[in-house]
Amino acid sequence: MMHARRCLYVVTLLNCLTSLLPAQDRRGPFTHAPRSVRTRDIDQQHIRLDLRLDWDKQQVDAQAMVSLSPFKPTKEVILDAAGMKVSRVTRDSKSLKYETKPQQLIVQLDREFMPGEMVSLVIDYVVVRPKHGLHFVVPDDSEKNQPRMAWTQSEPEFAHYWFPCIDSPADRLTSEIIATAPKDYFVLSNGTLESKRLNADGTQTWHWRQAKSHVPYLFSVVAGEFDAYEQRWNEVPVVSYVPKGQLNLAARSFEKTPAMMDFFSRKIGVKYPWPKYTQICVDEYGWGGMEHTSATTLNMHTLHDDRAHLDVSSDNLVAHELIHQWYGDLLTCKDWGEIWLNESFATYFATLWNEEDFGWDEATWSRYEEAMSYMREDKRYRRAIVNYQYDSPDKVFDGHAYPKGGRVLHMLRFVLGDEMFWNAIHHYTTRNMHRTVETADFRIAIEEVTGQGLNWFFDQWLYHGGHPDFEVSWKWDDVAHMVRVSVKQTQKVDSVTPVFRMPVEIEVANEADVKLHRVELSKAEETFHFQSDRRPTRVCFDPKDWLLKSLKFEKSKEELFDQLENDANLMCRLQAAEMLAKFNEDDDVLAALNKALESDRFWAVRQEAAKSLGKFKGDKARDALIAASRSDAKSFVRREAIKSLGSFKHATTNDALRAVISTDQSYYAISEALQALAKVDVSGCEADHLAALNIVSHRQEVLKAAIDGLVKVKSAQACEEISQLLEGDISPERRVVLIGGLARLKPADAEVIAKLYEQLDNDRTSVRRKAIDAIVEVGDPGAIERLLVKRDEQEIPGTIRSIDDAVEKLRDKNKGIETLQKQLESLRQQNRKLEDRLNKLESKE
Ligand SMILES: [Zn+2]
């Protein structure tokens with residue numbers, strides 16, 4: 001699965017304040033006593049569901065046939081089942097005694113069943129307004145034209161809220177889903193469509209069969225009115241469904257799907273394993289995407305227009321969910337503690353598609369961004385990737401399971417080399433397909449096919465936490481013609497974090513040539529010697545960025561110039577551009593950065609140069625940034641240049657930013673320009689921001705920036721404009737951002753604040769999340785308490801997490817205010833004492 005907030009194109013900044021806490025202070029939600037893989041007395045073989053969906057009542061009338069085989073003699077079957085009204089349980093048409101508990105259905109069998117026998121139970125039940133698992137999308141007052149849809153989302157353990165089962169990833173089974181909906185609706189589920197039948201009452205019944213095994217959390221039903229974007233890969237139909245009327249947006253997001261299927265099938269050496277591949281975009285879906293077997297479900301933000309496409313791509317999400325069809329669906333992690341076997345594979349293989357599609361530099365950059373996102377989480381808590389000490393399963397879907405594990409697979413590729421790595425992946429996949437897996441299965445498969453003993457690698461990267469923090473320096477020995485490179489690992493070594501053993505590449509370059517040395521690291525401090533004809537002009541550590549690490553490597557200005565200008569590796573040039581920022585009064589450095597900004601062949605280096613130039617002062621730096629804001633082909637570079645211009649107060653800056661707002665096609669560049677303008681032209685920017693309130697953009701980026709600016713300049717006119725916009729016909733998402741803006745402009749207006757809190761009851765996850773963001777921005781004193789009340793009503797783990805993050809931010813905010821109040825009080829006291837002393841002195845005189 002991919003959380004919406006974790007998608008690469010939804011870069012969410014983590015709370016800065018918590019990231020300032022030292023690592024190790026918080027061990028995160030991994031303090032539970034170690035769990036075991038789930039114990040089962042009975043094995044699920046097949047589940048057939050017959051569902052009748054009713055949107056008016058938001059209810060499903062259902063019959064489940066659950067076929068089971070006992071592991072030991074058994075007279076009682078206990079299934080996971082929650083929130084369902086069971087009316088009857090039968091076996092061979094004979095009624096059985098049963099009992100329901102909040103999370104269980106307990107059935108007494110009519111006789112004892114022995115291992116090897118099959119028990120088939122038929123369970124009639126109703127679920128009304130399901131709390132989890134199944135969601136009805138219906139129109140409401142805030143959006144009367146909302147088309148009706150229904151979808152399911154069961155990972156990690158929400159399947160038992162819509163059908164009785166053993167709701168665990170440990171138990172594989174086959175399935176059939178038969179669903180009845182209005183006749184104009186399309187119903188999608190796992191596997192092959194067996195039949196479709198029109199009923200006399202104006203409904204239609206769809207019968208889907210999943211003939212090869214999967215697990216309950218991968219069962220899916222989606223129903224509604226959709227348009228189909230049809231493709232094929234060899235004999236496999238590939239169909240992407242979008243809500244009716246939006247077919248024009250489909251190709252931009254989905255056209256590469258068959259090419260991805262081809263690439264992954266070739267690299268893994270195991271063909272795409274299911275009879276069809278479908279992707280379907282649904283409303284009110286609070287996740288990024290979910291890899292239901294052969295029937296992926298996706299968030300509506302996946303679809304976007306041409307202008308958003310300048311900054312946003314769905315390729316990563318599409319590749320991520322597709323690769324799960326192998327890692328997650330064909331092979332499933334046996335326990336949530338092993339979730340990296342699903343998520344790290346999906347994360348890493350998506351970067352491999354990027355490497356195939358756009359080349360090594362693009363993939364290196366995306367892997368670097370992933371490392372940074374893990375590093376932010378590591379400042380909050382540190383854990384082993386394989387971890388059975390989780391409080392609840394949803395907690396394991398974090399930066400350790402996704403980006404960190406992805407980088408661990410990248411390091412495995414470095415350790416083994418490409419050929420052995422792909423042999424290992426092929427062997428692991430063929431040996432374990434249609435099975436549940438744990439980390440040892442992966443290690444054993446690698447050892448079998450490559451002969452490499454890898455306990456050391458698995459132990460440090462998967463069963464321990466953290467990463468090496470390197471401090472590197474080099475010296476030139478002119479007599480011995482020798483470069484001495486000293487490498488220290490400075491991370492705190494404890495029971496969680498070891499000293500790391502790893503190979504690493506060290507690049508030694510001079511005017512004549514570039515040599516790449518591979519050495520083995522294993523100690524906290526070590527020195528490596530390399531023979532060289534002449535003094536190196538630069539030495540780079542891990543130039544291709546294979547290792548997950550932090551790096552301190554002090555260098556002279558001259559070495560950084562050489563590195564920025566001449567190194568073939570993106571990360572070396574990028575680091576040089578970053579490190580040169582500290583020489584921000586040096587004209588030569590300014591010239592070098594300007595040259596990189598104008599001409600580096602990779603955009604991320606130009607972006608870094610724009611960032612560093614923002615730390616300079618004066619006309620030259622400003623002109624360079626203005627030029628880049630106008631002319632760079634890549635919107636990310638223009639955005640960084642625009643952001644940097646926010647520290648250059650000058651009439652020409654104002655003009656340049658206004659030019660961006662009126663002519664740039666990138667919504668995100670316009671948003672950045674509005675924010676910069678509010679810094680450099682505080683007194684003159686109100687009209688620009690008022691006008692920008694009318695721009696409709698991807699994820700409302702422009703609107704949010706306009707509101708930020710208007711709040712900053714305390715615009716009196718903004719309230720009226722926003723109130724007028726709220727009267728019009730606007731999307732729920734736009735509405736909540738506008739209400740949030742109004743609340744920030746009028747924090748004392750009880751009516752406006754009440755309207756903002758009302759949005760927390762909206763059916764749409766995106767609306768609730770935006771309301772939560774706005775509540776944090778307003779930061780009124782009762783916010784924490786009111787959010788905590790709402791927390792208990794939420795269904796989606798991501799939304800619960802948004803509330804937890806919001807509460808934490810508000811507490812930090814309050815702490816800041818408390819500290820200021822304390823400081824003020826102490827100043828007052830000092831002042832009083834001084835006044836007393838002065839009075840006494842004066843009276844003595
Ligand atoms: Zn995933």
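The values are calculated or read from the model by the stated rules, or taken from the named source; none is laboratory data. All values reported here derive from a predicted model rather than from experimental measurement. Cβ atoms come from the backbone with ideal geometry, glycine included; neighbour counts cover every protein chain shown. Just so you know, the surface numbers come from the protein's heavy atoms only, side chains and all, with ligands and any DNA or RNA stripped out. Shrake-Rupley method; radii C 1.70, N 1.55, O 1.52, S 1.80 Å.
Structure summary
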read-out: Reciprocal of mean inverse Cα separation for the stretch 303-361 (Kirkwood radius, Å); value: 12.5 Å
read-out: Mean Cβ neighbour count within 10 Å, used as a protection proxy, ranking 263-276, 660-673 highest first; value: 660-673, 263-276
read-out: Spatially proximal lysines relative to LYS488 (Cα-Cα < 25 Å; intrachain offsets below 8 disregarded); value: LYS379, LYS404, LYS475, LYS515, LYS523, LYS544, LYS549, LYS552, LYS555, LYS557, LYS582
read-out: Spin-label model distance (nm) - TRP422 vs LYS85, 7 Å beyond Cα toward Cβ; value: 5.8 nm
read-out: Label zone at GLU585, where the point sits 7 Å out along the Cα-to-Cβ direction: the stretch 595-630 residues whose backbone N lies under 20 Å; value: 612-622
read-out: Dimensionless Rg ratio for the stretch 487-615, taking C-alpha atoms and the 2.2 N^0.38 Å reference; value: 1.14
read-out: Label-point gap, in nm, between SER556 and ASP494 - each point 7 angstrom along Cα→Cβ; value: 4.0 nm
read-out: Spin-label zone in the stretch 102-121 - amide nitrogen under 15 Å from a point set 7 Å from the Cα of ASP54 along the C-beta vector; value: none
read-out: Full-extension gain in nm, GLN829 to PHE358, via 0.36 nm per residue minus C-alpha separation; value: 163.2 nm
read-out: Per-selection Rg to Rh, the stretch 596-668 - Cα, Kirkwood hydrodynamic radius; value: 0.93
read-out: Amide H contacts under 5 Å for ARG435, placed H, 5+ residues apart; value: THR332
read-out: The stretch 646-697: proportion of alpha-carbon pairs further apart than 18 angstrom, %; value: 20 percent
read-out: Mean Cβ neighbour count within 10 Å, used as a protection proxy, ranking 278-285, 753-760 highest first; value: 278-285, 753-760
read-out: Binned Cα-Cα distance frequencies in the stretch 550-649 - 10 Å width, integer %; value: 18, 53, 26, 2
read-out: Mean separation of Cα contacts under 8 Å (6+ apart) over length of the stretch 32-114, as relative contact order %; value: 26 percent
read-out: Residue-level accessible surface for SER93, protein heavy atoms, 1.4 Å, Å²; value: 110 Å²
read-out: Tail fraction, Cα-Cα pairs, the stretch 530-606, threshold 20 Å, whole percent; value: 31 percent
read-out: Highest to lowest packing among 119-129, 445-455, 184-194, scored as the average C-beta count within 10 Å; value: 184-194, 119-129, 445-455
read-out: Largest to smallest principal axis extent of the C-alpha atoms in the chain, angstrom; value: 98, 72, 66
read-out: Semi-axis lengths (Å, descending) of the ellipsoid that matches the C-alpha gyration tensor of the stretch 613-709; value: 20, 15, 10
read-out: Using a Förster distance of 60 Å, the FRET efficiency for GLN246-ARG501 (Cβ separation, nearest 0.05); value: 0.70
read-out: Theoretical FRET efficiency, 1/(1+(r/R0)^6), r = Cβ-Cβ of GLU235 and ASP201, R0 41 Å, to 0.05; value: 0.65
read-out: Estimated Rh, the stretch 354-482: Kirkwood, alpha-carbon pairs, angstrom; value: 17.0 Å
read-out: FRET efficiency for ILE730 and VAL479, using Cβ-Cβ distance with R0 set to 56 Å, rounded to 0.05; value: 0.15
read-out: Cα→Cβ-extended label distance, 7 Å offset, between ALA211 and ASN566, nm; value: 6.3 nm
read-out: Directionally averaged projected area (convex hull, Cα atoms, the stretch 125-259), nm²; value: 10.4 nm²
read-out: Heavy atoms of SER723: accessible area, 1.4 Å probe, square angstrom to 10; value: 50 Å²
